[in-house]
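A quick write-up on the structure given underneath.
The values are calculated or read from the model by the stated rules, or taken from the named source; none is laboratory data. In this text, all values refer to a predicted model and were calculated from it rather than measured experimentally. Using ideal geometry, Cβ is built from the backbone for each residue, glycine included, and neighbour counts are taken over all protein chains shown. Heads up: the accessible areas ignore ligands, DNA and RNA and are worked out on the full protein's heavy atoms, side chains in. Shrake-Rupley method; radii C 1.70, N 1.55, O 1.52, S 1.80 Å.
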Amino acid sequence: MMSLLGSVLLLASIGIAGSSPSCYGGINGDPPLCSTCSGNCTVSSACKCTTSLSSCLPDPHTCPMNSSSCCLSNLSWYPDLACCIEEPYCTPACYADEECTYVNNYAACVANTTYYQNLGLSVYNVSTMIDCKGANMTVSVGKNLLETLHYNPSALTLSQYNCTGAVVNTLNGQRVYSFTVQTKDGLCGNTMTKNVTHVTFANTVNIPGQNSNGVITAGNISMQFSCTYNITMETSLYTVFKPVMTSQNLNTGGVEGNAGTTLAAYVNPSYTQPLEQSQQDDLSIGSTLYFGMVTQFPDPAFVLRVDQCFATPTSDGSGAIKVQLIQGGCAVGGGPYTQVVENGISKEVRFSITAFAFQGYTTVYIFCDARLCYTPAGSCSNCSSSREASQESVRFGLGPFTYQDIIDKSASSQNGLSVTMLLGSLLCLWMHLFKW
C-alpha cells in the first residue's frame with residue numbers, strides 16, 4: 001500500500017475559507033438576475049433570459065438543476081444558499097490532500113502541494129497498490145502525490161509502452177490512477193512463473209515525468225508488481241496461451257450478479273492442466289478428456305448444474321448423429337465412457353469422457369446445457385430431467401476434437417482399426433438406446 005494512505009483517509013470539510021459565502025449578484029446588473037429578464041433555467045440551455053436569450057443568474061432557490069450547471073463559468077453552486085457564489089465550491093467534497101479551485105472555468109479538486117510539502121514526502125514514498133481478482137490484476141498509484149512531485153500518472157504504461165489507458169479512481173480515501181491487465185503470459189509484458197500449487201504474474205508500471213514545453217523536471221519511475229494465485233480449475237486457464245474453452249453468461253432470472261461462465265477442456269484429473277488449441281487436433285482414441293465448468297455468479301443460494309451433454313461430429317450440434325453423454329445431470333448408463341465427478345453442488349462442474357470417434361468422421365464436438373440452480377428448491381444434484389430446467393439453460397460447445405488415429409489411416413494397424421470399429425458399434429448402440 002502507498003505509505004501516504006494513512007494520512008489522507010479523512011475528507012476535507014470543504015472549504016470555503018474565511019467568511020461565509022454569499023450569493024453572487026453580478027456587477028452593475030451584469031449578468032442580470034433571471035427574475036429581471038423573465039428568464040428560466042433548463043438542463044439543455046442552463047439559465048437564459050426569455051427576451052434576449054442571454055445568460056442570467058438564477059435567483060436563490062429557483063434553479064431546478066440544483067448544481068453548478070445553473071451557474072456561469074468561474075461561479076459555483078452553493079447548496080446551503082441554493083445560489084451561485086464566486087468562491088470555488090466542489091461537490092463531492094475534496095479529499096484531505098486536495099484543494100478546490102477553478103480549472104478551465106469550473107470548480108475542481110486538485111492536488112494540494114502545500115499539504116505534501118508540509119509532510120515532507122518524496123519519490124521514495126511512492127509505491128503501488130495491487131488488486132488481484134480472477135483473470136485480472138489492477139495496479140494503482142496515488143494521483144496527487146505524483147502530480148505534486150512533477151510526475152504524470154495519467155500517462156503511466158506497463159512494460160510494453162503501448163499498454164496505456166489508466167483511469168482515475170478512488171481507493172482507500174485517495175484519488176488514484178488505475179490500470180487493469182488480464183493475467184495472461186506475455187500480455188502487456190506480463191511474465192509468468194508457476195510451480196505445482198501456485199502461479200505468479202508480474203509486470204512493471206512506468207510513470208513518466210511531466211513534460212512542459214519540452215522541459216522534463218523529473219525522471220521516470222519504474223515499479224514492479226505481481227499477483228500470485230492458487231492453481232485451480234479456473235486460474236490454470238491463465239497459464240496457457242490458447243486454452244480450449246468457451247464462455248457465456250447464464251440466465252439469472254432477474255437476480256443481480258455477474259453470471260459469466262466458462263467451459264474448458266483439461267488433460268489431467270486435477271483439472272489444472274488445460275488442453276491447448278494446438279493439442280486438440282492430435283488426440284488419441286481411448287484417452288481421457290476432462291471437462292470443467294465454472295461460474296462467477298456470486299449468490300451463495302445458487303450452484304452450477306449441467307443438465308445434459310452430448311457429442312456430435314458436426315459443429316452446429318443439430319445433426320441427427322448424436323451420442324448422449326449426460327442426461328438429467330448424471331452420466332448416461334452410469335459410464336464407463338462418461339464420469340460425472342461434480343455437478344449441482346458448487347460453482348463448479350467436473351466430468352470426464354473417454355475419447356471416441358464417429359465412424360466416417362474425424363472430428364467430435366461436445367455440447368452441454370448448463371444453468372444456475374437455486375439450492376433451497378432442492379434437486380440441484382439429483383439425477384432428474386425437467387423441461388422447465390431445460391428452458392433456463394444455456395448451451396456451450398467445444399471442439400472440434402480431432403483424432404490422429406482416424407486421420408492417418410495408412411499407418412493404422414489392424415488392431416487400431418478393430419478398436420475404431422468396436423467404438424463405432426458402441427456408439428450406434430448408444431444412439432439407438434438414447435434417441436432424441
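One residue stands out among those in segment 287-301 that are open to solvent by less than 40 Å² (accessible area, probe 1.4 Å) and under 21 Å from the mean Cα position of the chain (by Cα): the one that is nearest to residue 273 (Cα to Cα), which is 292. For segment 34-49, the candidate set comprises residues that are of a type in the set (A, V, I, L, M, F, W, C) and open to solvent by less than 60 Å² (accessible area, probe 1.4 Å); within that set, the residue that is nearest to the chain's Cα centre (by Cα) is 46. Residue count for segment 327-340 satisfying the condition of being open to solvent by 60 Å² or more (accessible area, probe 1.4 Å) and farther than 27 Å from residue 253 by Cα: 5.
The residues of segment 20-70 that are part of a strand (DSSP E or B) and of a type in the set (D, E, K, R), listed by number, are 30, 48. For beta carbons closer than 6 Å, sequence separation of 6+ or different chains, a first residue in segment 20-48 that is more than 14 Å from residue 75 (Cβ to Cβ) and a second that is basic (Lys, Arg), the qualifying pairs are 39/48.
In segment 374-388, which residues are under 28 Å from residue 315 (Cα atoms) and crowded, with 18+ Cβ neighbours inside 10 Å? None - no residue of segment 374-388 is under 28 Å from residue 315 (Cα atoms) and crowded, with 18+ Cβ neighbours inside 10 Å, so the list stays empty.
Annotation: of all residues in segment 304-326 being open to solvent by 20 Å² or more (accessible area, probe 1.4 Å) and farther than 21 Å from residue 248 by Cα, the one that is modelled with the lowest pLDDT is 319. With the requirement that a residue be open to solvent by 30 Å² or more (accessible area, probe 1.4 Å) and at pLDDT below 70, what does segment 208-224 give you? Scanning segment 208-224 gives 212, 213, 214, 215, 216, 217. Scanning segment 176-214 for residues that are more than 21 Å from the chain's Cα centre (by Cα) and within 30 Å of residue 109 (Cα to Cα) yields 206, 207, 208, 209, 210, 211, 212, 213, 214. Filtering segment 71-116 to residues that are part of a strand (DSSP E or B) and either of a type in the set (Ser, Thr, Tyr) or over 34 Å from the mean Cα position of the chain (by Cα) (or both) leaves 76, 77, 78, 83, 84, 85, 95, 101, 102, 106. If the condition is being open to solvent by 50 Å² or more (accessible area, probe 1.4 Å) and part of a loop (DSSP other than H, G, I, E, B), then segment 175-198 contributes 184, 185, 195, 196, 197. Has segment 259-266 got any residue that is over 20 Å from residue 325 (Cβ atoms), open to solvent by less than 40 Å² (accessible area, probe 1.4 Å) and touching a residue at least 40 places away in the same chain (Cβ under 8 Å)? Scanning segment 259-266, I find at least one residue that is over 20 Å from residue 325 (Cβ atoms), open to solvent by less than 40 Å² (accessible area, probe 1.4 Å) and touching a residue at least 40 places away in the same chain (Cβ under 8 Å), so the answer is yes. Filtering segment 123-151 to residues that are of a type in the set (Ser, Thr, Tyr), surrounded by 15 or more Cβ atoms within 10 Å (Cβ to Cβ) and assigned to a helix (DSSP H, G or I) leaves only 148.
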